[in-house]
Every structure is written in C-alpha cells, then in structure tokens.
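Below is one structure, written out as structure tokens; the observations come after it.
The values are calculated or read from the model by the stated rules, or taken from the named source; none is laboratory data. On a predicted model such as this, the values are computed, not experimentally measured, just so you know. Heads up, the Cβs are rebuilt from the backbone with ideal geometry, glycines too, and the neighbour counts pull from every protein chain shown. For the accessible areas, the whole protein counts, side chains as well, though only heavy atoms, and no ligand, DNA or RNA atoms are used. Shrake-Rupley method; radii C 1.70, N 1.55, O 1.52, S 1.80 Å.
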Amino acid sequence: MINLLKADLYKLFKNKSFYICLVLSILFSYMGTMINFAYNSFSNAQSMYSLLQMPELNGIYMFKTSFRGGMLFYSIFIAIFIASEFSWQTIKNIVSRGFSREKIYISKLISCSLVSIIITFSYVLVAVLYATIKSGFGKLPSHFVLNLIRMILLECLVVISITSLFVMVVFLIKGIAGSVATNLLINFFSGDLIVLGITLLLEKMFKKDVDVNKYWMFSYNNIFASFSLSNDVVFRGIVVCVLSLVVFTAIGIISFKKRDI
Amino acid sequence: MMDFALKTFGLTKSFSGKIVLDNVNLNVRKGDIYGFIGKNGAGKTTLIKIVAGLLKPTAGSLELFSSSDLNKQRTRIGTIIENPSLYPNFTAKENLRVQCKLLGVSDEKVIDKLLDIVGLSDTGRKKAKKFSLGMKQRLSIAMALVGDPEFLILDEPINGLDPTGIKDVRDLIAKLNSEYNKTILISCHLLGELAKIASCYGVINEGKLVKEITASELEEACKECLCIKVDNIEKACDILENKINITNYESINEDTINIYGDFPNSASINSELLSAGVGVNSIIKKDKDVEAYFIDLMEGKTND
C-alpha cells in the first residue's frame, strides 16, 4: 500500500495537469474575488439611497464563502489523472504485479484527496489574501484558532467525500473524455439551483417542508464554513459525508474488482 | 520433481457466452523460453491476461510457482501485455522510477542497469511518447524487469518492429534467459523468430491448447523423413532392419513408419517390401519446416 501511494504521489507531482489545474484554480480565485469586490462597490454605490446593503467583503467573509471554488478544477484533474491510467493501459503494470484492486483504488482515492485539499485551500488562501489586502481580515470571532481548526478539518472531510464521488465516476467510466464530462456535469448539478429544485419537488410530492441541504454532501462545503456551528449540525454533516464516502468508495471498488482490464 | 513457473488446470474463459479459452492445461517449466503460438483471436492474450490477474477465468484454475496464492506470486512475474504500457509524458528513467517506487526498489542504480540491458541508456530527457515502437517495446521489457522477476510474460513483444528491432528484442530475450536465468513465456506470430530462441512451445487454436512440444521434439518432428504407409507394419519393420539395414526409423501408428537420416531411394524400399509381400499404400518424402508444422497445428491438421 505504501509503495502504491509512493508511486501515485510521484506520478501526481510529475503530472502537468496537476500544476495547470492548480494555477487555473488560483487565477480563478484571484479574478473571482476581484470581480466580487468590483461588483460589491458598484452595488453599494447604486444602493446608497436605499436600505439594501451588500455584505462587507473582507478576509473572513471570503474564507467562509470560497470552499467550493476549487471543485471544478480538482474534478477535472481527478478525471485526467485516473482515466489516463486506463487509456495508457499502465493500470496493467500495477494489477499484474499482484496488488489487490482494493488497495489500488484506495491509493488513488488518497492521492486524489490530497490534490483536492491542496486545490481547495489554495483557492481559499488566494481569495482570503486578496480580500485581506483590500479591506482587512475582519473581526476575529471568539475561540478563533479552535474554531478555525475545526472548520478546516470538517472542510477536509467534505472535500474527501466529494473526491470519492469523482474517483468513483472515473473508475466506472474509465475514458478521459467521458470522465471529465461527467465530473463537469456533477459540478453543475451539485449547485444550489438543483438543491432548490429537489426541495420543491419533494415538497410537492410529500406536501411538507423538506430541507434537502441537510442530506446533500455538497451543501456542507458552505454549512461547515462557519465559526459558530451547533453540535447537531456538525454530527449530521459528519454522518452525511462519511456515509457518502463509504458508499461511493464501496461502489467504485466493487465495480473495479468485477470488471476486466 | 519438475519445477513449473506456470501451470493451468482446465482454464476456461467465455465472453457473453462465447468461449474464447477452452479447458486449457498449459505447463511452463522454470528456465524455459516458452513460445506461445496461435492465430489472432486464438486466445493467447486472454490466457496471459488471466495469468496476470487482469481477467478472471470462467472456470479452471492456475498455479504460479506451484502456488495458488496468485497475488503473492505475481510479485515474482513481469509482464508486457498487448501494447507497451508506458507513461507517455515521462522519460525512460521516470517510467522506470514509477515502477521502482511501485515495487519498493529504492536503489536508483537499478534504473541505469536496466536501461543498459535494454540498450536505452542514451535516451536522456526524451519523452516516451517520442520513442520509436522498438524503443517502447524495449522500455516495456525494462519495466517488466524491475524487481528482478523470475518469470517474464511477453505478449507480442516484437509486433510491428522492423527486422533490426526484431533481432534486438530476440537477442535480449535470449540473453535474459541464458545470462539472467529468467523463465519467459512469449507469444508471437513470427514463428521463424520464435523457433530461434524457444525451448518449448504451446500451440493454441480457437481457444484450445492443441499441442505442447519441446524444441527437441519439434526438431524431430520437422526433420526430413520418408513416410511409408503399409498394411503389415511388423513385417515391414523386420524387412527394413534385416534386409535393407535401416535402423533410424519410427513407427508412428499402426500403419505408418517414418524413416530418418540417410535413407535409400524410395523405389528400392518399395520393391523390397513388395517382394516380401508387404502392401505399400504410399511413400512420401516429408520435409516440413517449423512454420509449416505450426501452421498445420494452428489450422487443426494433425502432424504425424
């Protein structure tokens, strides 16, 4: 397992796609924050005479709102990184040397999770730095360091469970183009609009309020990005993310084990 | 007791009900270069993929190094299956480094040594995607050699190579067997090339293993002979030995005798047999080359 990880990490950090996705993620974060600031100052100027006020953009605000920014880039990288093993048929070099398919899968999941975390936190860091330079970090909440560590750990869990979905998709599809396209679709369908759509649909079907966000893995990117979380929310979020991680990984491993190479 | 690198027991594989491998019992002895011969679609790659763990058999089983703990034993084999499987954006050294990390080989000198063995020491920073097919095949062999496996399984390693490339790879395989004591299973279409290095052969046709034969048995089967079909084989043998003084002969079945070596002309043998009252149904001079022998086997013809 250690050898598998060593080989995967070597390939990962020698892979140009990783650096391209990382740089693009950083650029998008920088440009996105810049546009946010421009839009904010424009909207504030427009609404000077009204009661509407845009949120105060600062480091802490960007920190709480940027955790989903890198998803597009790591989903693309995961598709390229894993599917190319199948396209170049190098997966045969690994399987034929007696490594169990479970271990091969887990090794890919761990290395891709690492990439997802790097990309996510790079995105967040750039946004926070830009905002802090422009208008300061903002007022620190109480128990800042402890809450920050908790938030980072919870966000890592969310990113890993989202990564497990992308990894599963690639192991099911195997082709680079198909995997990239499907992961992009997941990016699109994971958004708030879809959650709203599902919520409305469920409400119509069951004639009562259903909060889909509670059970939607992707929502916890935003829900966990708070310095004041109740234990209930944390517990529910952890259960949703761990369950998603286990289910997606199990499906991926079963499929990989059953299929011929 | 004979040591085997690979033994299969009734190995069968079907895809969507179509049987592509049918009850195959293959035996590769340690130290052999085993030529695995068959037409396209005969089932060679399917069998190799099953041995490598890429496919699961529908029925039957196999042993590697007399053990059925296959994943453990697979650490002792190196494979090339179908095309060279390389990381195209990596150099030869980087490709080998991936394999070294995978197999826990920490000595970097191994990489230089392997590149030297396969003749790719001077490729520098050239990416694998820019390699010629011959270079890719040789790099694949080097990848398969990482971890010093005892058994190499090479599926069509000389496919698409020019004559120089074929000779290079053939010489390399012979060297790996003689100098590094590797057991090698090699599947190949070029029968003449295979005949130059293999010590044992398995012929597969439409998923069935038609024959396993050693190089000496093949030589025997292919040497020039006079094939005589008679109605009384015992009497015919007596006349050959005592009247014509022929001792280098073999009774193939109940009516056929093969005479090897320097034999007199067929007319004199015919007249001697006829005068002794032995009916001669046919006398044919057989001079079969290795390719013709294998082609007959692959086409389902018997080889007496």
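A quick yes/no check of all residues on (1) more than 23 Å from A:VAL169 (Cα to Cα); (2) part of a helix (DSSP H, G or I):
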| residue | (1), (2) |
| --- | --- |
| A:LEU200 | yes, yes |
| A:TYR220 | no, yes |
| A:ALA225 | yes, no |
| A:LEU229 | yes, no |
| A:ASP232 | yes, yes |
| A:GLY237 | no, yes |
| A:PHE256 | no, yes |
| A:ASP260 | no, no |
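Before we move on, is B:VAL230 buried (at least 16 other Cβ atoms within 10 Å of the Cβ), in contact with a helix residue (DSSP H, G or I) (Cβ under 9 Å, 6 or more places away or on another chain) and more than 26 Å from B:ILE153 (Cβ to Cβ)?
It is true that B:VAL230 is buried (at least 16 other Cβ atoms within 10 Å of the Cβ), in contact with a helix residue (DSSP H, G or I) (Cβ under 9 Å, 6 or more places away or on another chain) and more than 26 Å from B:ILE153 (Cβ to Cβ).
Quick grid of which residues meet (1) modelled with pLDDT of 80 or more; (2) within 22 Å of A:SER161 (Cβ to Cβ); (3) surrounded by fewer than 18 Cβ atoms within 10 Å (Cβ to Cβ); (4) among the aliphatic types (A, V, I, L, M):
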| site | (1), (2), (3), (4) |
| --- | --- |
| A:GLY175 | yes, no, yes, no |
| A:GLY178 | yes, no, yes, no |
| A:ASN183 | yes, yes, no, no |
| A:ILE194 | no, yes, yes, yes |
| A:LEU200 | yes, no, yes, yes |
| A:MET205 | yes, no, yes, yes |
| A:ASP209 | no, no, yes, no |
| A:MET217 | yes, yes, no, yes |
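With respect to A:LYS92, determine if the residue is within 14 Å of another protein chain (Cβ to nearest Cβ) and open to solvent by 20 Å² or more (accessible area, probe 1.4 Å).
no
Count, please, the residues in the stretch B:54-69 that happen to be within 14 Å of chain A (Cβ to nearest Cβ) and farther than 26 Å from B:GLY134 by Cα.
10
Taking the condition open to solvent by less than 60 Å² (accessible area, probe 1.4 Å), under 14 Å from the mean Cα position of the chain (by Cα) and more than 22 Å from A:LYS64 (Cβ to Cβ), does A:PHE171 pass?
No, not satisfied.
Select from the stretch B:132-157 the residues that are part of a loop (DSSP other than H, G, I, E, B) and either hydrophobic (A, V, I, L, M, F, W, C) or open to solvent by 10 Å² or more (accessible area, probe 1.4 Å) (or both) and list them in ascending order.
B:SER132, B:VAL146, B:GLY147, B:ASP148, B:GLU150, B:GLU156
Filter the stretch B:40-53 for residues that are closer than 21 Å to B:LEU102 by Cα and not β-branched (Val, Ile, Thr); which is nearest to the other protein chains (Cβ to nearest Cβ)?
The qualifying residue nearest to the other protein chains (Cβ to nearest Cβ) is B:ALA52.
Among A:PHE77, A:PHE18, which is the only one that is within 14 Å of another protein chain (Cβ to nearest Cβ), more than 30 Å from B:ASP155 (Cα to Cα) and open to solvent by less than 10 Å² (accessible area, probe 1.4 Å)?
A:PHE18
Where in the stretch B:70-131 are there helices (runs of 4 or more DSSP H), lying fully within it, with 2 or more residues that are more than 10 Å from chain A (Cβ to nearest Cβ) and crowded, with 19+ Cβ neighbours inside 10 Å?
Hits in the stretch B:70-131: B:92-103, B:109-117.
All but one of (1) modelled with pLDDT under 80; (2) open to solvent by 80 Å² or more (accessible area, probe 1.4 Å); (3) outside any helix (DSSP H, G or I) hold for B:GLU254; state the number of the condition that does not hold.
(1)
Residues checked against (1) more than 14 Å from chain B (Cβ to nearest Cβ); (2) open to solvent by 50 Å² or more (accessible area, probe 1.4 Å); (3) of a type in the set (Asp, Glu):
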| position | (1), (2), (3) |
| --- | --- |
| A:VAL23 | yes, yes, no |
| A:MET34 | yes, yes, no |
| A:SER43 | yes, no, no |
| A:LEU72 | yes, yes, no |
| A:ILE82 | no, no, no |
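So which residues in the stretch B:226-251 are touching a residue at least 12 places away in the same chain (Cβ under 8 Å) and assigned to a strand (DSSP E or B)?
Of everything in the stretch B:226-251, those that are touching a residue at least 12 places away in the same chain (Cβ under 8 Å) and assigned to a strand (DSSP E or B) turn out to be B:LEU226, B:CYS227, B:ILE228, B:LYS229, B:VAL230, B:TYR249, B:SER251.
Out of A:LEU12, A:LEU4, report the one residue that is open to solvent by less than 10 Å² (accessible area, probe 1.4 Å), out of contact with any strand residue (DSSP E or B) (no Cβ under 6 Å at 6 or more places or on another chain), more than 20 Å from A:ILE176 (Cα to Cα) and among the hydrophobic types (A, V, I, L, M, F, W, C).
Exactly one of A:LEU12, A:LEU4 is open to solvent by less than 10 Å² (accessible area, probe 1.4 Å), out of contact with any strand residue (DSSP E or B) (no Cβ under 6 Å at 6 or more places or on another chain), more than 20 Å from A:ILE176 (Cα to Cα) and among the hydrophobic types (A, V, I, L, M, F, W, C), namely A:LEU4.
Answer yes or no as to whether A:SER142 is of a type in the set (Gly, Ala, Ser) and not in a helix (DSSP H, G or I).
yes
If I filter the stretch A:229-243 for residues that are surrounded by fewer than 16 Cβ atoms within 10 Å (Cβ to Cβ) and small (Gly, Ala, Ser), do I get at least one hit?
Yes, there is a match, as at least one residue in the stretch A:229-243 is surrounded by fewer than 16 Cβ atoms within 10 Å (Cβ to Cβ) and small (Gly, Ala, Ser).
Please indicate, with yes or no, whether at least one residue in the stretch B:199-207 is touching a residue at least 12 places away in the same chain (Cβ under 8 Å) and within 25 Å of B:ASP262 (Cα to Cα).
Scanning the stretch B:199-207 turns up no residue that is touching a residue at least 12 places away in the same chain (Cβ under 8 Å) and within 25 Å of B:ASP262 (Cα to Cα).
Filter the stretch B:20-44 for residues that are surrounded by fewer than 24 Cβ atoms within 10 Å (Cβ to Cβ), assigned to a strand (DSSP E or B) and aliphatic (A, V, I, L, M) and give the result.
Listed by number, the residues that qualify are B:VAL20, B:VAL24.
Going through B:LEU190, B:LEU152, B:LEU185, B:LEU194 one at a time, which residue ends up being free of Cβ contacts under 8 Å to residues at least 40 places away in the same chain, among the hydrophobic types (A, V, I, L, M, F, W, C) and in the same structural domain as B:CYS100 (by TED's automatic domain parsing)?
B:LEU190
Tell me, yes or no, whether the stretch B:267-285 has at least one residue that is among the hydroxyl-bearing types (Ser, Thr, Tyr), more than 30 Å from B:ALA59 (Cα to Cα), open to solvent by less than 50 Å² (accessible area, probe 1.4 Å) and in contact (Cβ under 8 Å) with a residue 12 or more places away in the chain.
Scanning the stretch B:267-285 turns up at least one residue that is among the hydroxyl-bearing types (Ser, Thr, Tyr), more than 30 Å from B:ALA59 (Cα to Cα), open to solvent by less than 50 Å² (accessible area, probe 1.4 Å) and in contact (Cβ under 8 Å) with a residue 12 or more places away in the chain.
Over 19 Å from the mean Cα position of the chain (by Cα) and acidic (Asp, Glu): does that describe B:ASP148?
yes
Scan the stretch B:34-42 and give yes if some residue there is among the aliphatic types (A, V, I, L, M) and either modelled with pLDDT of 90 or more or more than 22 Å from the chain's Cα centre (by Cα) (or both), otherwise no.
no
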